[in-house]
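Only one structure is covered here, and it is reproduced in the block below.
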Protein chains: 2
Amino acid sequence: MSDSGISPLPVQYADVAAASERLAGHVRRTPVLTSRTVDARTGARVFFKCENFQRMGAFKYRGAFNALALLPIAARRRGVIAYSSGNHAQAVALAGRELDIRATIVMPQDAPAVKLEATKGYGAEVVLYDKHTTSREDLAGEIAAERGLALIPPFDHAHIVAGQGTAAKELAEDAGALDYLFVPCGGGGLISGCAIAAAALSPGCKVIGVEPEAGDDATRSFKSKTLQSCHNPETIADGARTHSLGKITFPLVLSHVHDMITVSDAELLSAMRYLWERMKIVVEPTGALGAAGLFERRLPVAGKRVGVLISGGNVDLQAMCRLL
Amino acid sequence: MSDSGISPLPVQYADVAAASERLAGHVRRTPVLTSRTVDARTGARVFFKCENFQRMGAFKYRGAFNALALLPIAARRRGVIAYSSGNHAQAVALAGRELDIRATIVMPQDAPAVKLEATKGYGAEVVLYDKHTTSREDLAGEIAAERGLALIPPFDHAHIVAGQGTAAKELAEDAGALDYLFVPCGGGGLISGCAIAAAALSPGCKVIGVEPEAGDDATRSFKSKTLQSCHNPETIADGARTHSLGKITFPLVLSHVHDMITVSDAELLSAMRYLWERMKIVVEPTGALGAAGLFERRLPVAGKRVGVLISGGNVDLQAMCRLL
């Protein structure tokens, strides 16, 4: 991380609340949807927080906007850099445009054209690299040092975590007290922030993290209380292919999350299909993890008030149709 | 129509307002979504009334519920009948279940299994017929006469029209005054009701009906002021394959609608894809007619406040993936 980079901090609910004020008017207050069909299926009263309707299509915009908005003036003038092949790239690019901060995004040469175009469309400079010959961390580090750019990490930073937590804050405000909250888990930024907000606004709410079976590092870390990792897990939940939880997110997950569970890709696909066909919302595979956890694992939710975080909706329709 | 059937009446805004009270708590007040991307594309401020989120997945539930709720007690006890291969079948079935009225639905033998199951799932008795040998009108008429059932028509009835109009009433309440309102047009029930509501709540709003090119009977009827028809038009907009406007809806369209336009199936598919990919909502082809009219026809909407009625989201994902 460059010397203008933002450094890790612990996160309290006050940070989530402050992020919420900072984000107002910039980040969309996404709708909370309910479905009598889902309630009948689960026996619970279920509230879906639809971050697939967030700007750029995923919750990632919350954390990116918060992190960029909290940069010191000098760092804002120099600009930011991020590496990502997924939603974080578009989130940093769009937040940069909104805050008038120059953004550089390091992306693999073979990233889907639609994601490259979207990132460029938000005004970011895209630097391509060859996955087989170059380490994106090294490349981003070099450019950051050379240009004095602040590196914006995808999840392992206090400002990112606080920003993501605003999603659960809004859900608690709109849906009222919850008994359960199902949240997708990749690097743990979303679930950490949401668990902090839930603990403050909905005491006693059990926050359940959901991972793909093939990328179950966070579940193993949670159960063993030792940080575990996965190397490039094969799963359709591309947003949860992260190597491991982070230095900040692991302790937050340990202290605030009630349980971690996994679902197979087949269960995930089935949940995603159900959300498309019954709820009429387009959800990406990673975005359906929480719903799959609710539908496929028999937790005692009957008669309970249950929140489900739908984390994103950025799908390549053609690829998705092949899967379905 | 059997002697217990409901008979046609003209429709005033007071009927829409009364329907709105009748429907409260039974029909979902669907969300109104906006998109900065759509606003940037069109230059307008666009409000999407999302009836794809309506119960059973389409606006049809509004009219069906209103019509069933207005039946005299004796007719309610005897039950209702409808013929439909589309959303009207499910709407009458679900309204019947909600109001404790026995519903019989006449459907073609080769209707998609998913629609048959949904209709039965709502507790209706399904009577199948062979399209090649039987007229559904005759069959439904026979059963209605035999059992004393009230026939619930899909669009050409005052109570149906008034019910559908509640969608535009809610939109005007939630979005404020509109300059334009784009509405899909099949038999004209939705657009008639919506135009009546718009005239009352958003005076000066130009209501634009949108039809598929291949099924342009309402457009021709509107331009020529003489009722025209289409026979089984080939279009992906299956909800707009209606033969013609009705005895009630044609005069209402003539008096309340500002203009009628058409879009090709290719334009419709492109609009539908855009709604899925950018707005993250699942919309059926017919449901995307209004959006296609806005996107593809160059009406002077720049700087204006524009409503778009998304009429439904019931798609067979497999069939849709083949189209996309």
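Just to check, using Stokes-Einstein with a Kirkwood Rh over alpha carbon pairs, what's the diffusion coefficient of the protein assembly as shown at 25 °C and 0.890 mPa s in µm²/s? Walk me through the numbers before you get to the answer.
Values: Rh = 25.9 Å.
Rounded, D is 95 µm²/s.
Loop-located trypsin sites (Lys or Arg not before Pro) in region B:88-135 (DSSP state other than H, G, I, E, B) with a sparse environment of at most 15 neighbouring Cβ atoms within 10 Å: B:K131. Of all beta bridges that DSSP places with both ends in the protein assembly as shown, some 10 percent have antiparallel geometry.
Three principal axis extents describe the C-alpha atoms of chain B; from largest down they are 57, 44, 39 Å.
Taking 1 over the mean of 1/r across every pair of different Cα atoms in region A:61-151, what Kirkwood radius in Å do you get?
12.9
Using Cβ point charges alone (K and R +1, D and E -1), the dipole size of region B:61-151 about the Cα centre works out to roughly 320 debye.
Taking amide H atoms as placed 1.01 Å from N in the peptide plane, the amide H of A:Y129 lies under 5 Å from those of A:M107, A:Q109, each 5 or more residues away in sequence or on another chain.
Write down the percent of antiparallel bridges among all DSSP beta bridges whose residues are both part of chain B, to the nearest 5. Intermediate results must be reported in sequence, preceding the final value.
On the way: 3 of 34 bridges.
Antiparallel bridges make up about 10 percent of those DSSP assigns within chain B.
Stokes-Einstein at 20 °C, 1.002 mPa s, Kirkwood radius from Cα pairs: D for region A:177-316 in µm² s⁻¹?
On the way: Rh = 14.7 Å.
The calculation lands on 146 µm²/s.
When the Cα atoms of region A:233-272 are enclosed in a convex hull and the volume is divided per residue, what value in Å³ results? Please list the in-between numbers first.
Values: hull volume 3.4 nm³, N = 40.
Normalising the Cα hull of region A:233-272 by residue number yields 86 Å³.
In straight-distance terms, cross-link reach from B:K223 covers every one of the lysines whose alpha-carbon lies under 29 Å from its own, apart from those fewer than eight places away in the same chain; here that gives B:K49, B:K60, B:K169, B:K206, B:K247, B:K304.
Any idea what angle helix B:158-175 forms with the longest principal axis of chain B, computed on alpha-carbon atoms, 0 to 90 degrees, nearest 10? Taking Cα atoms only, the helix is inclined about 30 degrees. For chain A, the longest principal axis of the alpha carbon atoms and the long axis of helix A:189-201 meet at an angle near 50°.
In this Cβ point-charge picture (+1 for Lys and Arg, -1 for Asp and Glu), chain A has a dipole of about 800 debye about its Cα centre. Taking amide H atoms as placed 1.01 Å from N in the peptide plane, the amide H of A:G307 lies under 5 Å from those of A:F47, A:D179, A:Y180, A:L181, A:F182, each 5 or more residues away in sequence or on another chain. Taking the charge dipole of region A:61-151 about its Cα centre, with +1 at Lys and Arg Cβ atoms and -1 at Asp and Glu Cβ atoms, the residue from A:A69, A:G86, A:V127 reaching farthest to the positive side is A:A69.
The mean number of partner chain beta-carbon atoms within 10 angstrom of a residue's beta-carbon across peptide B:312-321 is 3.
Put simply, the amide H of B:T262, placed in the peptide plane, has neighbours under 5 Å in B:E211, leaving out anything fewer than 5 places away on its chain. Shielding value for B:271-284 is 5, the average number of Cβ atoms from other chains within 10 Å of each residue's Cβ.
Phi-derived couplings, Karplus 6.51 cos²θ - 1.76 cosθ + 1.60 at θ = phi - 60°, listed residue by residue for region A:256-270: 10, 8, 7, 7, 10, 9, 10, 10, 6, 4, 5, 5, 5, 5, 5 Hz, with x used for Gly and Pro.
With the Cα gyration tensor of region A:258-324 in hand, give its eigenvalues times 5 under a square root as the equivalent ellipsoid semi-axes, listed largest first in whole angstrom.
Values: eigenvalues 97, 30, 22 Å².
Working through the eigenvalues yields semi-axes of 22, 12, 10 Å.
Coupling constants for region B:301-312 follow from the phi torsions by the Karplus curve (6.51 cos²θ - 1.76 cosθ + 1.60, θ = phi - 60°), and in residue order they are 8, 4, x, 9, 9, 10, x, 10, 8, 8, 7, x Hz; glycine and proline get x. Two decimals is fine: what is log10 I(q)/I(0) at q = 0.16, 0.25 Å⁻¹ for region B:19-123, from a Debye sum with one equal scatterer on every Cα and no solvent? So the normalised log intensities are -0.73, -1.30. Which one, B:H26, B:I105, B:A58, projects farthest toward the positive side of the charge dipole computed for the protein assembly as shown from Cβ point charges (K/R +1, D/E -1)? Result: B:H26, furthest along the dipole toward the positive end.
Computed about the Cα centre, the dipole magnitude for the protein assembly as shown is approximately 1200 debye when only Lys and Arg (+1) and Asp and Glu (-1) carry charge, each at its Cβ. Applied to region B:115-122, the Karplus parametrisation 6.51 cos²θ - 1.76 cosθ + 1.60 on θ = phi - 60° returns per-residue 3J(HN,Hα) values of 6, 4, 5, 4, 5, 5, x, 7 Hz, with x for Gly and Pro.
Per residue, the average separation of C-alpha pairs within less than 8 Å and at least 6 apart gives chain A a relative contact order of 22 percent.
Taken together, the values in this text are just the output of simple stated rules run on the coordinates, not laboratory data. This structure is a prediction, so every number in the text was calculated from the model and none was measured. Positions of Cβ are backbone-derived with ideal geometry, glycine not excepted, and every protein chain shown enters the neighbour counts.
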